[in-house]
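Visitor: Supplied in structure tokens, the structure appears directly below.
The values are calculated or read from the model by the stated rules, or taken from the named source; none is laboratory data. Quick caveat: nothing in here was measured; it's all calculated off a predicted structure. Methodologically, a virtual Cβ is constructed for each residue, glycine included, from the backbone with ideal geometry; neighbour enumeration extends over all protein chains shown.
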Amino acid sequence: MPLPFKLNHINLWMLEDGDGWTLVDTGINTEETRTAWDRVFENTLGGKPVTRIIVTHFHPDHVGLAGWLAARFKVPLWMPYTEWATGRMLSFETSESAGPVSHAFYKAAGFTGERLDQVERRVGRYGGNISPIPAAIRRIAHGDEFAIGAHSWRVIEGNGHSPEHACLYCADLGVLISGDQILPKISPNVSVWPQEPEADPLARFLDSLKRFKDLPDDTLVLPSHNWPFRGLLERLDDLAAHHVERLDAAQAACAARDGDGGATAVDVLEHLFKREMDTHQMFFAIGESLAHLHHLMTLGRVRRSVDAAGVYRYQAAAV
């Protein structure tokens with residue numbers, strides 16, 4: 001399905017489920033996506049109805065049309081509770097209600113002037129990218145097993161990219177629907193957000209990757225972006241190694257600014273992401289930079305202070 005971003009697509013999955021279909025993820029709430037779904041319903045379902053919707057996590061490209069589809073087919077939404085609650089909370093957030101907290105958060109990260117205005121203009125926009133999320137769900141959680149068609153599927157929870165991301169594994173088929181937790185070409189975004197400004201999501205992400213280590217290496221992985229792939233264990237190692245490299249680079253950026261009292265998160269962003277970015281990309285890049293800085297603090301490799309302007313400064317710890 002299409003996305004209106006630089007990452008211009010999302011993979012959604014349809015699983016035959018007895019007399020109907022189970023959908024896994026739904027796409028973002030745009031007219032283009034609704035039209036694409038209409039084509040699927042006209043040409044692909046073979047006369048069978050949609051009987052269940054499963055959403056992996058609360059991001060708009062995944063849950064965006066869950067409410068529209070659930071109402072259209074009068075079917076339940078299955079989703080991790082924290083993901084559902086987070087999406088419901090953010091859907092009622094406005095730029096006015098979230099503005100002061102977000103302003104303080106991004107100012108403390110080192111944004112000023114027009115760049116601060118740019119990232120702040122993205123605050124409170126979640127609700128516009130989704131149809132109303134249903135007020136009730138069927139909760140799914142790590143370790144749950146349930147049938148889809150003739151096969152049993154197990155929930156494996158991932159963390160860091162989102163609070164309780166649900167991946168779905170079928171041992172009979174040797175298939176893992178990995179959502180955004182494990183992607184073949186890019187590293188999933190792992191960010192610190194204004195709603196939880198002291199979080200260490202990278203620790204949770206790296207720890208949750210270990211849950212997939214007992215799956216067979218030839219598992220067919222169905223990701224939300226780019227092509228399906230095999231070689232799961234190697235990809236898990238690649239993702240962990242990527243973050244080790246980024247942690248080293250973030251610490252080096254802090255050390256390079258020790259004479260200035262330390263690096264801001266924006267300084268680290270510019271060191272980690274040496275390319276032109278639009279506002280959408282910068283919004284995620286600052287969260288990712290903070291995630292690496294917070295994990296470095298957890299590891300004792302970086303310490304943090306506040307300067308006279310209220311901006312956080314990060315200094316490399318003495319070895």
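Visitor: Taking the condition of being free of Cβ contacts under 8 Å to residues at least 12 places away in the same chain and of a type in the set (Gly, Ala, Ser), how many residues in the range 72-103 meet it?
Guide: Selection size over the range 72-103: 1.
Visitor: Let me spell it out: the conditions are (1) among the hydroxyl-bearing types (Ser, Thr, Tyr); (2) in contact with a helix residue (DSSP H, G or I) (Cβ under 7 Å, 6 or more places away or on another chain); (3) under 16 Å from residue 2 (Cβ atoms), and residue 56 meets all of them except one. Which number is the exception?
Guide: Status for residue 56: all satisfied but (3).
Visitor: To continue, here is another question. Residues of the range 19-40 being part of a helix (DSSP H, G or I) and of a type outside the set (Gly, Ala, Ser), which ones?
Guide: 31, 32, 33, 34, 35, 37, 38, 39, 40
Visitor: If you take the residues of the range 1-18 that are in contact (Cβ under 8 Å) with a residue 60 or more places away in the chain and not in a loop (DSSP other than H, G, I, E, B), which of them is farthest from residue 226 (Cα to Cα)?
Guide: 17
Visitor: On to the next question. Starting from residues that are among the aliphatic types (A, V, I, L, M) and buried (at least 18 other Cβ atoms within 10 Å of the Cβ), keep the ones in the range 8-30 and report whichever is nearest to residue 148 (Cα to Cα).
Guide: In this case the residue turns out to be 15.
Visitor: Could you grab me the full set of residues in the range 105-117 that are small (Gly, Ala, Ser) and in contact (Cβ under 8 Å) with a residue 12 or more places away in the chain?
Guide: Of all residues in the range 105-117, those small (Gly, Ala, Ser) come to 108-110, 113.
Matches in the range 105-117: 108, 109, 110.
Visitor: Check the range 93-105 and report whether any residue there is among the charged types (D, E, K, R) and farther than 26 Å from residue 3 by Cα.
Guide: yes
Visitor: Here's another thing I want to ask about it. Would you tally the residues in the range 31-50 being surrounded by fewer than 18 Cβ atoms within 10 Å (Cβ to Cβ), touching a residue at least 12 places away in the same chain (Cβ under 8 Å) and either of a type in the set (S, T, N, Q) or more than 17 Å from residue 64 (Cβ to Cβ) (or both)?
Guide: 4
Visitor: Give all pairs with beta carbons closer than 8 Å in which a residue from the range 223-245 that is within 16 Å of residue 208 (Cβ to Cβ) meets a residue that is in a helix (DSSP H, G or I) and aromatic (Phe, Trp, Tyr); count only pairs at least 6 apart in sequence or on separate chains.
Guide: Filtered contacts from the range 223-245: 232/212; 236/212; 243/205.
Visitor: Also: Note down all Cβ pairs under 7 Å where the first residue falls in the range 170-196 and is over 12 Å from residue 220 (Cα atoms), the second is acidic (Asp, Glu) and not in a loop (DSSP other than H, G, I, E, B), and they're at least six residues apart or on different chains.
Guide: So the pair list comes out as 189/288; 190/288; 191/288.
Visitor: Next up: For the range 66-95, give me the residue count where each residue is in a strand (DSSP E or B) and among the aliphatic types (A, V, I, L, M).
Guide: So the answer is 2.
Visitor: Follow-up question, since we're still on this one. Does the range 87-106 include one or more residues that are surrounded by 15 or more Cβ atoms within 10 Å (Cβ to Cβ) and touching a strand residue (DSSP E or B) at 6+ places or on another chain (Cβ under 7 Å)?
Guide: No, the conditions are met nowhere in the range 87-106.
Residue-wise test of (1) closer than 27 Å to residue 206 by Cα; (2) touching a Cys at 6+ places or on another chain (Cβ under 7 Å); (3) hydroxyl-bearing (Ser, Thr, Tyr); (4) assigned by TED's automatic domain parsing to the domain that holds residue 294.
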{"residue": "113", "(1), (2), (3), (4)": "no, no, no, yes"}
{"residue": "120", "(1), (2), (3), (4)": "no, no, no, yes"}
{"residue": "131", "(1), (2), (3), (4)": "no, no, yes, no"}
{"residue": "177", "(1), (2), (3), (4)": "yes, yes, no, no"}
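Visitor: Out of 81, 126, which single residue is within 21 Å of residue 160 (Cα to Cα) and buried (at least 16 other Cβ atoms within 10 Å of the Cβ)? Quick ask: steps written out before the conclusion?
Guide: Working: 81 fails: buried (at least 16 other Cβ atoms within 10 Å of the Cβ).
None of the others qualify; the one that does is 126.
So that you can scan it fast, the table gives a plain yes or no per residue for (1) among the hydrophobic types (A, V, I, L, M, F, W, C); (2) under 15 Å from residue 130 (Cβ atoms); (3) touching a Phe, Trp or Tyr at 6+ places or on another chain (Cβ under 6 Å):
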{"position": "53", "(1), (2), (3)": "yes, yes, no"}
{"position": "59", "(1), (2), (3)": "no, yes, no"}
{"position": "67", "(1), (2), (3)": "no, yes, no"}
{"position": "75", "(1), (2), (3)": "yes, no, no"}
{"position": "87", "(1), (2), (3)": "no, yes, yes"}
{"position": "96", "(1), (2), (3)": "no, no, no"}
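Visitor: Scanning the range 53-77 for residues that are β-branched (Val, Ile, Thr) and closer than 19 Å to residue 155 by Cα, which turns out nearest to the chain's Cα centre (by Cα)?
Guide: 56
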